[in-house]
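The values are calculated or read from the model by the stated rules, or taken from the named source; none is laboratory data. This structure is a prediction, so every number in the text was calculated from the model and none was measured. Cβ coordinates were reconstructed from backbone atoms using ideal geometry, including for glycine residues, and neighbour counts include every protein chain displayed. The area values use the complete protein model at the heavy-atom level, side chains included, leaving out ligands, DNA and RNA. Shrake-Rupley method; radii C 1.70, N 1.55, O 1.52, S 1.80 Å.
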Amino acid sequence: MCGVCSPRLLRMVKVFCCQARHGYAVEVSPFIPSRVACATSQYYGIAGCGTLLVLDEMETGVVLVRSWEWSDGLFDISWSETNEHVMVTGAGDGSLQLWDTANHDAPLRVAKEHTQEVYSVDWSQTRGENLIVSGSWDQTAKVWDPALNRSLTTLRGHEGVIYSTIWSPHIPGCFASASGDGTLRVWDVKSAACRLAIPAHKAEILSCDWCKYDQNIVATGSVDCSVCVWDLRNVRQPVSQLPGHTYAIRRVKFSPFSKTLLASCSYDFSVRFWDYSGNQPLDTVEHHSEFVCGLDFNLHIPNQVVDCSWDETVKIYTPACLSAGTHGTAP
């Protein structure tokens, strides 16, 4: 069930097939350049269990390091920023799970406070801070200590499902959230308050991400098929609007190596790469045969991308627009 790659990408693509598991999220390890974690669900996440996969890229392909089963679908994954072995996942039963690659059997801890699906988890990246944020279909975001003992605060304000919660890589105690209510919100954990609410789209927003080089720039991806880039200092209109996808955008990611480069994946089976500074589409990668739900850039290897799809594959590759050297490393 492995998708067909375009000829110019074929020699750069490595594929892992996860039979009967549909990919929802992937994240490259912040410590090990070759390591990827993937959160998957059985039966497209509608029913059945979930599987967490830890994969290593080798010269000959992609190999399974370890896998764990959970009793419900797994929808998101985030690596710890302080311990190379530890990850957190969010599940369809409203729980978060803490996993350790050195522990073969079960999660280290399970925390269940959300009353509906946990669709987003993220581990804070700013120095001196070690927190987890989760976003749920119960319309709340929760902030947790790294041991998942119990939530430290619950943030309310969205009037729809929360699909995405992402820590600012620049500002301690600050995260953004995207919701089915069409708003992008920016939260301050210390005051447990929403600092900014932007009516970013007239449709559900499924994803948001912070620019790695500018603390004021955030991107959103929506069911309206567009990516919008926002400057939080002036939110009357987006800095950039990027149309092109033909179905809902499931995830957006800024490059860790290029200031104005971002990627988006969609239910139209494609991954697209953009230079938002000139509203320019750079490339479209069509190598999946189902919804593409997970997307990440490798933090260690410039221009390497990982994605996962409902077609039961995880793919590691360098898109043609980046392998050609058209986008250099940011200063």
- Query: Once amide H atoms are built 1.01 Å from N in the peptide plane, which residues 5 or more positions from ALA141, or in another chain, come under 5 Å H to H?
  - Reply: LEU155
- Item | trypsin sites (Lys or Arg not before Pro) restricted to the stretch 230-262 and DSSP loop, no more than 13 other C-beta within 10 Å | ARG233, ARG236
- Message: Quick check on the chain: helices-only [θ] at 222 nm, where DSSP H runs of length 4 and up contribute -39,500 (n - 2.57) each and the sum goes over total residues. Nearest 500, please.
- Response: -500 deg cm²/dmol
- About its Cα centre, how strong a charge dipole does the chain have in debye, to the nearest 20, once Lys and Arg get +1 and Asp and Glu get -1 at the Cβ? 660
- Message: Check which residues have an amide H placed less than 5 Å from ARG251's amide H, if you skip close sequence neighbours.
- Response: CYS265
- Query: For the chain, what % of the accessible area comes from carbon and sulfur atoms, probe 1.4 Å?
  - Reply: 49
- Query: Using just the C-alpha positions of the stretch 20-65 as equal point scatterers, what log10 of I(q)/I(0) does the Debye formula give at each q in 0.14, 0.21, 0.29, 0.32 1/Å?
  - Reply: -0.36, -0.69, -0.99, -1.09
- Task: Express the accessible area of the stretch 64-290 per residue in Å², computed with a 1.4 Å probe while the remaining protein chains stay in the model.
- Result: 38
- Item | Viscosity 0.692 mPa s, 37 °C: Kirkwood-radius Stokes-Einstein D of the stretch 218-331 over Cα pairs, µm²/s | 232
- Anisotropy class of the chain from Cα gyration tensor, a/c 1.5 cut: rounded
- Classify the stretch 142-281: rounded, prolate or oblate, from the alpha-carbon gyration tensor (a ≥ b ≥ c, eigenvalue square roots; a/c under 1.5 rounded; otherwise prolate if a/b is larger than b/c)? prolate
- Search the structure for amide H atoms under 5 Å from the amide H of ALA25, placed 1.01 Å from N in the peptide plane, and list their residues when 5 or more places away or on another chain. ALA39
- Task: Classify the stretch 62-141 as rounded, prolate or oblate from the Cα gyration tensor: take a ≥ b ≥ c as the square roots of its eigenvalues, call it rounded if a/c is under 1.5, otherwise prolate when a/b beats b/c and oblate if not.
- Result: oblate
- Message: Output needed: percent of Cα pairs per 5 Å distance bin for the stretch 76-224, bins running from 0 to the one holding the longest distance.
- Response: 2, 11, 21, 24, 21, 13, 6, 2, 1
- Each label point is 7 Å from the Cα along the Cα-to-Cβ direction; what then is the distance between the points at SER71 and ILE301, in nm? 3.8
- Task: Under a 10 Å cutoff between Cα atoms, tell me which one of GLU27, GLU59, GLU290 has the largest fluctuation in the Gaussian network model of the chain.
- Result: GLU59
- Range of Cα positions in the stretch 134-212 per principal axis (Å), largest first: 37, 28, 19
- Starting from the Cα of LYS190, draw a straight line to each of the lysines and keep only those under 19 Å, dropping any in the same chain fewer than 8 residues away. LYS142
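How about the stretch 46-155: which trypsin sites (Lys or Arg not before Pro) there are in a DSSP loop, with at most 13 other Cβ atoms within 10 Å of their Cβ?
Numbers: sites: ARG66, ARG109, LYS112, ARG127, LYS142, ARG150; in loops: ARG127, ARG150.
Sites meeting the loop and neighbour criteria: ARG127, ARG150.
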